[in-house]
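Below: the structure, in structure tokens.
The values are calculated or read from the model by the stated rules, or taken from the named source; none is laboratory data. Please read these numbers as outputs of a predicted model, since none were measured by experiment. Don't worry about glycine lacking a Cβ; one is built from the backbone with ideal geometry, like all the others, and counts go over all protein chains shown. For the accessible areas, the whole protein counts, side chains as well, though only heavy atoms, and no ligand, DNA or RNA atoms are used. Shrake-Rupley method; radii C 1.70, N 1.55, O 1.52, S 1.80 Å.
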Amino acid sequence: MLQGGYQSVLEARSRDEFRSEITRFANDLDFERFSAILVVDRAMGSSDFIAVENTPAGFTSIFNDPRLGKKDPVMQHCKRQSVPIVWNQQTYQKHDAPELWEAQAQFGYKVGISLALHLPEGRHFVLGVNREQTLPNNPVTLTRMVADLQLFAVHAVDAALRVLLPHPHAVSDVDAPRLTPRELQCLHWTMEGKTAWEVGTILSITERTAVLHINNAMHKLGCTNKHQAVLKALRLGLIR
């Protein structure tokens, strides 16, 4: 299941290693810029933002105003949805923010793909890649790009939580949740690429029961989808 390029970011052990893996991924997709932001919601509506990015000199000083985030259609999309957004100048024009696109275009931010993963306990992971040249006109090629970003994000979020958050937030082996044998079996066969129906057939249980076990495992692991649950179970040594 885990391809080499995605496995390596999952194994990142430091902020520098994490940054190097995102740089490699972005370059492989022919994007010059990237931004990976871990957001942790706090009390009273405040949030902490921990960013790993390669923004050019001068960019941060201009776009560090939090009010811009409320006007940026890409950030607003990521705040509310988990599906990726493919954006360009027309995106900003459509949302009455052409001047914002003009300002960032001076730094090479003309087109891009962004997405957010919304996690339990008020945590969010936003990943975006950007460049100057237009995106492919071939819909198959563009769809592949989006799919690559989604798959990479699912792998990268686990590393982000581990290397970017202070140690009190990190999950240790001691804190590993207790999964039932059935839940572990269902995660194992999910890791092998099996659907819930196939898992049910293999384990001689109904598809509905297989889904129930997978959902229970997701809840215990604090994950929002089965792919994250598989990755976390792998890192904790619960499945192999």
Formal net charge of residues neighbouring Lys232 (Cβ-Cβ distance under 11 Å; K, R +1; D, E -1) = +3
task = Apply the Karplus parameterisation 6.51 cos²θ - 1.76 cosθ + 1.60, with θ equal to phi minus 60°, to every residue of the stretch 89-102 and state each ³J(HN,Hα) to the nearest whole Hz, in sequence, with x for glycine and proline.
result = 4, 4, 4, 6, 5, 5, 9, 6, 9, x, 5, 5, 5, 4
ask   = Which of Asn137, Leu187, Ala57 sits closest to the plus end of the dipole of the chain, meaning its Cα is farthest towards the positive end, when Lys and Arg get +1 and Asp and Glu get -1 on the C-beta?
value = Leu187
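Looking at the chain, how many pairs of lysines come closer than 14 Å at the Cα, when each pair is eight or more places apart or spans two chains?
Counting lysine pairs in the chain gives 5.
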request  = State the percentage of accessible surface on the stretch 172-240 attributable to carbon and sulfur atoms; use a 1.4 Å probe and exclude ligands, DNA and RNA.
outcome  = 53
ask   = Alpha carbon centre of the stretch 189-220 versus the stretch 129-162: separation in Å?
value = 28
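Keeping every protein chain present and rolling a 1.4 Å probe, give me the accessible area per residue for the chain in Å².
Ligands and nucleic acids excluded, the figure is 54 Å² per residue.
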Share of alpha-carbon pairs per 5 Å distance bin for the stretch 80-228, given as whole % = 2, 8, 14, 15, 15, 14, 12, 8, 7, 5, 2, 0
From phi via Karplus (6.51, -1.76, 1.60), per-residue ³J(HN,Hα) for the stretch 156-161 in Hz, x at Gly/Pro = 5, 4, 5, 5, 4, 4
